[in-house]
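Peer 1: Structure provided below as structure tokens; questions to follow.
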Amino acid sequence: MKTFLKLYIDSYRGLSPAAWLLALVMLINRTGSMVIPFLGIYMSSELGFSKPQIGIVLGCFGLGSVFGSWLGGWLTDKFGNFKIQMWSLILVIPLFLILPQFRSFHGLAAMIFLLTLVADTFRPANSVSVARYAKPENITRAYSLNRMAVNLGFSIGPALGGFLAKISYDWIFYGNALAAAVAAVVFIYFFRNRKPNVAAEKESNQAKETEVEIAEQKPTRNAYSDGLFIIFNIICVFFNMAFFQLLGTLPLYYKEIHLLEPDQIGLLLGFSGFVIVLFEMILVHMVEHRFSVKQIMLWGTVIAGISYMMLNVDYGIPWLFLAMFLLSTGEMLTLPFLATVSISRASKSNQGAYMGFNSLSFAVANVFCAYLGTYIAEHFGYNILWTGAGTTLLICALAYYWIINKMDKEKGLA
């Protein structure tokens, strides 16, 4: 027990105060993560949309994310990460407040697109912020801390959203607006006068001098013409299309096949965030210096694939929790290192572009994964969907290993 406790404490040691403050902002913001997990159920139960209509609206969510991620990366390099995060948090507040008024298929689709466009400019700016405030040797753990905050919020948000949905679905949107408002206030208060990376720069002069020497030897890469990084992001698209059935069709599956109530679905989805909060930092701390990035991502993606395959058999609610536990374990071993790979390919001058491009892989996947998932479930059944998702993830596991091995040979990444 003492060894475990020491390992747990060590996993948080060395992280900068700014990294903790960024995590606090993410925690508050993501505590309002109530809309997306229940959006499909809201459209089905409250608005009477068909599965294809639900898939299209969720596709608009992904399309908005595509443009938001690209725009956020471009704006971050142009205006800095603080301004983009601040305005993203501020502008989503009125959008969440008016969203319940849009109940038609076309109106809701347009509003979801606009909302996600504004909200997802935050992601690349925040990723750059984490990198700027982290020590080079702690960058993966800094991203893990941020993800831990996201998942703690996600464990609270859906659980709270499930109870609010039993009162009225409108309260889910209002809860999201409140969380964004509080996050904006906290972010502006703590970061308005904070100079990016001042303390970290003093502690990492040697690392920076090395980077300058490398930059003088060869030109800075362009994120959108970096061949290996393009292939890496294509793999990420397929990974995300399979993995993020978690937010699209999985809640519908719980409702239609297992007949779970919204509060039960919220608790099951919240369990994922709880597992990640409890174990991600210590797991990343244990594996990041013992195994290579390609090995960690290989096994993380394999575990995620197995978790979806498990849904093809029914052993009741405990089996659903076990499958969710494995899916969360796969997530912990994969998603933090996507950011590590991306930021490792960038230079200081184009971190926004690289993180924005990687965010695009999530966004592009969200355009197609919801519609594809609902279409397969509607026409072929959930078993075919879970088999397809699991198989896709197993293929992605091998593809990640291959492309990161290529990057290793070029740069010595992992």
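The values are calculated or read from the model by the stated rules, or taken from the named source; none is laboratory data. Not measured: the values here are computed from a predicted model. Every residue, glycine as well, gets a Cβ built from its backbone with ideal geometry; the counts of neighbours run over all protein chains shown. These accessible areas exclude ligands, DNA and RNA; they are computed on the full protein's heavy atoms, side chains included. Shrake-Rupley method; radii C 1.70, N 1.55, O 1.52, S 1.80 Å.
Peer 1: Quickly work out the Ile384-to-Ser292 label distance, labels modelled 7 Å from Cα along the C-beta direction, and quote it in nm with one decimal.
Peer 2: Those two pseudo-labels are separated by 3.9 nm.
Peer 1: Something else: Using 0.36 nm per residue of separation minus the Cα-Cα distance, give me the extension gain between Val182 and Glu256 in nm, one decimal. Could the numbers behind the result be given before it?
Peer 2: Values: separation 74, 0.36 × 74 = 26.64 nm, distance 3.52 nm.
Value of the extension gain: 23.1 nm.
Peer 1: Magnitude of the Cβ-charge dipole of the chain, K/R +1 and D/E -1, about the Cα centre, nearest 20 debye?
Peer 2: On the way: 29 positive and 23 negative charges, 181 e Å.
Dipole size: approximately 860 debye.
Peer 1: I would also like to ask the following. Quote the relative contact order of the chain in percent (integer), defining contacts as alpha-carbon pairs under 8 Å separated by 6+ residues. Before the final figure, lay out the partial values.
Peer 2: On the way: 663 pairs, mean separation 119.3, N = 414.
Once divided by the residue count of the chain, the mean separation gives 29 percent.
Peer 1: Taking the Cα atoms only, what angle lies between the long axis of helix 382-411 and the longest principal axis of the chain, rounded to 10 degrees?
Peer 2: 10
Peer 1: A further question follows. Find the eigenvalues of the gyration tensor of the Cα atoms of region 268-413, then list the square roots of 5 times those eigenvalues as equivalent ellipsoid semi-axes, largest first, in whole angstrom. Numbers along the way, then the final one.
Peer 2: Values: eigenvalues 160, 72, 42 Å².
Square roots of five times the eigenvalues give 28, 19, 14 Å.
Peer 1: Calculate the length of the line joining the C-alpha centroid of region 32-89 to that of region 291-361, in whole Å.
Peer 2: Measuring centre to centre over Cα atoms gives 20 Å.
Peer 1: Right, another one. How far is helix 105-119 tilted off the main Cα axis of the chain, in degrees rounded to 10, range 0 to 90?
Peer 2: 20
Peer 1: Is it possible to state the helix-based mean residue ellipticity at 222 nm for the chain, with each DSSP H run of 4+ residues giving -39500 (n - 2.57), the sum divided by total residues, to the nearest 500 deg cm²/dmol? What is it? Please list the in-between numbers first.
Peer 2: Details: 18 runs with 333 residues, N = 414.
Calculated mean residue ellipticity at 222 nm is -27500 deg cm²/dmol.
Peer 1: Just the number, please: carbon plus sulfur as a percent of the accessible area of the chain, 1.4 Å probe, no ligands or DNA/RNA counted.
Peer 2: Numbers: 11800 of 17470 Å².
Reported share for carbon and sulfur atoms: 68 percent.
Peer 1: Also: Loop-only check: which trypsin sites (Lys or Arg not before Pro) in region 69-177 are DSSP coil with at most 11 other Cβ within 10 angstrom?
Peer 2: Filter output for region 69-177: empty list.
Peer 1: Positive end of the charge dipole of the chain (Lys, Arg +1 and Asp, Glu -1 on Cβ, about the Cα centre): tell me which of Gly248, Met309, Val341 has its Cα farthest that way.
Peer 2: Among Gly248, Met309, Val341, the one farthest towards the positive end of the dipole of the chain is Val341.
Peer 1: Pairing the Cα long axis of helix 2-12 with the longest principal axis of the chain, what angle in degrees results, from 0 to 90 and rounded to the nearest 10?
Peer 2: For 2-12 against the chain, the angle is about 80 degrees.
Peer 1: Now for a separate question. Across 20 Å bins from the origin, how do the percents of Cα pairs in the chain run, short distances first?
Peer 2: 27, 61, 11, 0
Peer 1: Answer with one residue from Gly390, Pro318, Ser359: the one whose Cα lies farthest towards the positive end of the charge dipole of region 274-414, charges on Cβ with Lys, Arg +1 and Asp, Glu -1.
Peer 2: Ser359
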